[in-house]
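Everything on this sheet refers to the single structure shown next.
The numbers here are math on the coordinates, done by the rules we state, and not lab data. These figures come from a predicted structure and were not determined experimentally. When we count neighbours, we look across all protein chains shown, and the Cβ atoms used for this are built from the backbone with ideal geometry, even at glycine.
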Amino acid sequence: MDCRPGCAACCIAPSITRPIPGMPDGKPAGVACVQLDAQGRCRLFGRPERPSFCGGLQPSNEMCGNDRTHAMRWLTALEYATQPRASDQPLGASSISMCSIPSSR
């Protein structure tokens, strides 16, 4: 299967944790990659600067479906399903301090 022209769902929906030229802190989920051109194509395609995550996403019927809306929904669900949960964090990694929780006297 080939990419759908102008779709770019895989360059918008998922987060990318590695630096990308123009996005040194990576890319948040739901934000278009700065490397997308006006036609929705990757400027880094085939270049060594392209993150390995991007190369690992290959178009498939399951992911792409029949339209861009399906692809965005599928990739957004995948992003959500693979986010670290608070229960996955090591002890002390939570942003909530036990000292800030009021006691129930």
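So here's what we get for this one:
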item	result
Which of SER60, SER15, SER52 has the fewest Cβ neighbours within 10 Å, and the rest in rising order	SER52, SER60, SER15
The stretch 1-83: relative contact order as a whole-number percent, Cα under 8 Å and 6+ apart	34 percent
Coordinate range along principal axes, alpha carbons of the stretch 1-83, Å, largest first	32, 28, 20
Calculated from backbone phi, Karplus (6.51, -1.76, 1.60) coupling profile of the stretch 32-38 in Hz, x at Gly/Pro	5, 5, 5, 8, 7, 8, 4
